[in-house]
Amino acid sequence: MADNRSPQARSYNMSRIRSTNTKPEEVVRKYLFAKGFRYRKNDRRYLGKPDIVLPKHRTMVFVHGCFWHYHENCPHFVMPKSNVEFWQSKLEGNRNRDKKNIQKLRAAKWRVIVVWECELKGITGEARLESLINEILNP
């Protein structure tokens, strides 16, 4: 299927994608705050610039978008049909960087939790947020 946007329109759309304060991040943060958790967001002091840092629980939460972090076997992830080599390399690099960062954070005795964008959609969203609370409180 060909792209139905001009290169200029596609470039504009891609430039509007935010790296912080995305909707999935906001959903997770609002839920945690409502449950009494206090956190730091997008703290640059830590490797990978985690979306949520809970110092009291020594936990970091990464809220990953299914596309940008290459969520395999996800119905919401679709590899672009044009410039495939570039996107394959880019997304593989993102995924490998995430794995290395998580390993290093765990080696530094941080608990790392990854929440995928697709887990927050639909009827499973509330259940995933509840399980996130359990993961934070029960290591």
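Of all residues in region 28-55 being over 18 Å from residue 134 (Cα atoms) and either more than 16 Å from the chain's Cα centre (by Cα) or not in a loop (DSSP other than H, G, I, E, B) (or both), which is modelled with the highest pLDDT?
Here is the first cut: in region 28-55, the residues over 18 Å from residue 134 (Cα atoms) are 40-51.
Now narrow it down to the ones that are either more than 16 Å from the chain's Cα centre (by Cα) or not in a loop (DSSP other than H, G, I, E, B) (or both): 40-41, 45.
Numbers: 40: 95, 41: 91, 45: 92.
Taking the candidates together, the pick is 40.
With the structure loaded, tell me whether residue 84 is closer than 26 Å to residue 126 by Cα, more than 14 Å from the chain's Cα centre (by Cα) and at pLDDT below 90 or whether it fails that test. Please lay out each step first, then the result.
Working: closer than 26 Å to residue 126 by Cα: no; more than 14 Å from the chain's Cα centre (by Cα): yes; at pLDDT below 90: yes.
Taking the combined requirement at face value, the residue does not satisfy it.
Sort through 78, 63 and tell me the only one that's among the β-branched types (Val, Ile, Thr) and in a loop (DSSP other than H, G, I, E, B). Lay out the reasoning, then the answer.
Working: 63 fails: in a loop (DSSP other than H, G, I, E, B).
Criteria check complete, one pass: 78.
Considering only region 119-139, state which residues are farther than 16 Å from residue 61 by Cβ and assigned to a helix (DSSP H, G or I).
In the first step, residues of region 119-139 are kept if they are farther than 16 Å from residue 61 by Cβ; the result is 121-124, 126-127.
Hits for region 119-139 are 124, 126, 127.
For region 40-91, name all the residues that are loosely packed, with under 13 Cβ neighbours inside 10 Å, farther than 18 Å from residue 108 by Cα and among the charged types (D, E, K, R).
Scanning region 40-91 gives 72, 81, 85.
Suppose we keep only residues that are polar (S, T, N, Q) and more than 18 Å from residue 121 (Cβ to Cβ) within region 12-27. Which one would you say is modelled with the lowest pLDDT? Break it down into steps so the answer makes sense when it comes.
So the first thing to find is which residues in region 12-27 are polar (S, T, N, Q), and the list is 13, 15, 19-22.
If we keep only those that are more than 18 Å from residue 121 (Cβ to Cβ) too, we end up with 13, 15, 19-21.
On the way: 13: 72, 15: 71, 19: 66, 20: 70, 21: 72.
Among those that are polar (S, T, N, Q) and more than 18 Å from residue 121 (Cβ to Cβ), it is 19.
Mind checking whether some residue in region 92-107 is surrounded by 11 or more Cβ atoms within 10 Å (Cβ to Cβ), outside any helix (DSSP H, G or I) and among the polar types (S, T, N, Q)? Spell out how you get there, then give the answer.
The first filter runs over region 92-107 and keeps only residues surrounded by 11 or more Cβ atoms within 10 Å (Cβ to Cβ), leaving 92-98, 100-106.
Right, trim to outside any helix (DSSP H, G or I) and you get none.
Within region 92-107, none of the residues are surrounded by 11 or more Cβ atoms within 10 Å (Cβ to Cβ), outside any helix (DSSP H, G or I) and among the polar types (S, T, N, Q).
The values are calculated or read from the model by the stated rules, or taken from the named source; none is laboratory data. Because the structure is predicted, anything quoted here is derived from the model rather than measured. All Cβ positions, even for glycine, are placed from backbone atoms using ideal geometry, and neighbour counts span all protein chains on display.
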